[in-house]
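Q: Take a look at the following structure, please.
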Amino acid sequence: MKSEILRQIGTISRSLDSISNVEFARFELAKGQYLYLSRIKENPGIIQHRLSELLCVDKSTANRAINKLEQKGLIVKKDDLKNKKEKRLYLTEEGEKVYPLIIRENEYSTKIALKDISTQNQEIFLEVLNTMSDSISHDWLEVKKGHIRKY
């Protein structure tokens, strides 16, 4: 039963990602680029390193996605005033126009996913998912630093 939990979460994640890729194709957003836009909107001025950690992706993956979004005119990089090596990320006017559509799709998917789950169970489920996310994110950071997991 325990292994089924992550399998189901994976199935849900892949399904939603596939739906989003189709929904956002008209904006030429693919392979989760909408996630970057959302996180930049929610965290204006975020630096690339922090964004990659937030999304649990390596720096090179984040760099490719960020560069593509910048080329499409959806985000802009600005120099950090204190550290010239760091770039702060912001949505452009065009990115701001796309964001409400991302939110609308997310809200609809959430509504569909939770339609048969009571409010009380949704609250419990969120608490459990947050705990799982914290554990996995911590583990991801450790592996990223080169630590070997003990199986």
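The values are calculated or read from the model by the stated rules, or taken from the named source; none is laboratory data. Just so you know, these numbers come straight off a predicted model, no measurement behind them. Positions of Cβ are generated from backbone atoms using ideal geometry, with glycine treated the same way; all protein chains shown enter the neighbour counts. The area values use the complete protein model at the heavy-atom level, side chains included, leaving out ligands, DNA and RNA. Shrake-Rupley method; radii C 1.70, N 1.55, O 1.52, S 1.80 Å.
Q: Residue 93: closer than 24 Å to residue 51 by Cα, among the charged types (D, E, K, R) and free of Cβ contacts under 8 Å to residues at least 24 places away in the same chain, yes or no?
A: Yes: the conditions hold for residue 93.
Q: Which condition number in (1) under 29 Å from residue 144 (Cα atoms); (2) open to solvent by less than 60 Å² (accessible area, probe 1.4 Å); (3) free of Cβ contacts under 8 Å to residues at least 24 places away in the same chain; (4) of a type outside the set (D, E, K, R) is the one that residue 65 fails?
A: Failed condition: (3).
Yes/no per residue for (1) out of contact with any strand residue (DSSP E or B) (no Cβ under 6 Å at 6 or more places or on another chain); (2) of a type outside the set (Lys, Arg):
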site: 37; (1), (2): yes, yes
site: 44; (1), (2): no, yes
site: 51; (1), (2): yes, yes
site: 56; (1), (2): yes, yes
site: 59; (1), (2): yes, no
site: 69; (1), (2): no, yes
site: 75; (1), (2): no, yes
site: 84; (1), (2): yes, no
site: 95; (1), (2): no, yes
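Q: Is there a residue being closer than 23 Å to residue 143 by Cβ and open to solvent by 40 Å² or more (accessible area, probe 1.4 Å) anywhere in the range 75-89?
A: Scanning the range 75-89 turns up no residue that is closer than 23 Å to residue 143 by Cβ and open to solvent by 40 Å² or more (accessible area, probe 1.4 Å).
Q: So which residues in the range 105-122 are more than 22 Å from residue 18 (Cβ to Cβ) and surrounded by fewer than 11 Cβ atoms within 10 Å (Cβ to Cβ), if there are any at all?
A: 118, 119, 120
Q: In this structure, is residue 143 surrounded by 10 or more Cβ atoms within 10 Å (Cβ to Cβ) and not in a helix (DSSP H, G or I)?
A: It is false that residue 143 is surrounded by 10 or more Cβ atoms within 10 Å (Cβ to Cβ) and not in a helix (DSSP H, G or I).
Q: Please indicate, with yes or no, whether at least one residue in the range 81-92 is assigned to a helix (DSSP H, G or I) and not acidic (Asp, Glu).
A: There is no residue in the range 81-92 that is assigned to a helix (DSSP H, G or I) and not acidic (Asp, Glu).
Q: Name the residues in the range 1-39 that are within 15 Å of residue 106 (Cα to Cα) and aromatic (Phe, Trp, Tyr), would you?
A: 24, 34, 36, listed by residue number.
Q: Take the residues of the range 29-50 that are more than 20 Å from residue 100 (Cα to Cα) and part of a helix (DSSP H, G or I): which is most open to solvent (accessible area, probe 1.4 Å)?
A: Initial filter on the range 29-50 (more than 20 Å from residue 100 (Cα to Cα)): 47-50.
Remaining after also requiring part of a helix (DSSP H, G or I): 48-50.
Working: 48: 47, 49: 72, 50: 106 Å².
Per the criteria, the residue is 50.
Q: Here's another thing I want to ask about it. So is residue 136 of a type in the set (A, V, I, L, M, F, W, C) and either at pLDDT 90 or above or farther than 22 Å from residue 39 by Cβ (or both) or not?
A: Answer is no for this residue.
Q: Further question: Here are 131, 110, 61: which of them is in contact with a Ser or Thr (Cβ under 9 Å, 6 or more places away or on another chain), in a helix (DSSP H, G or I) and not hydrophobic (A, V, I, L, M, F, W, C)?
A: 61
Q: Right, something else. Inspect the range 1-20 for any residue being at pLDDT 90 or above and open to solvent by less than 30 Å² (accessible area, probe 1.4 Å) and give the result as yes or no.
A: Looking for residues that are at pLDDT 90 or above and open to solvent by less than 30 Å² (accessible area, probe 1.4 Å), one finds at least one in the range 1-20, hence yes.
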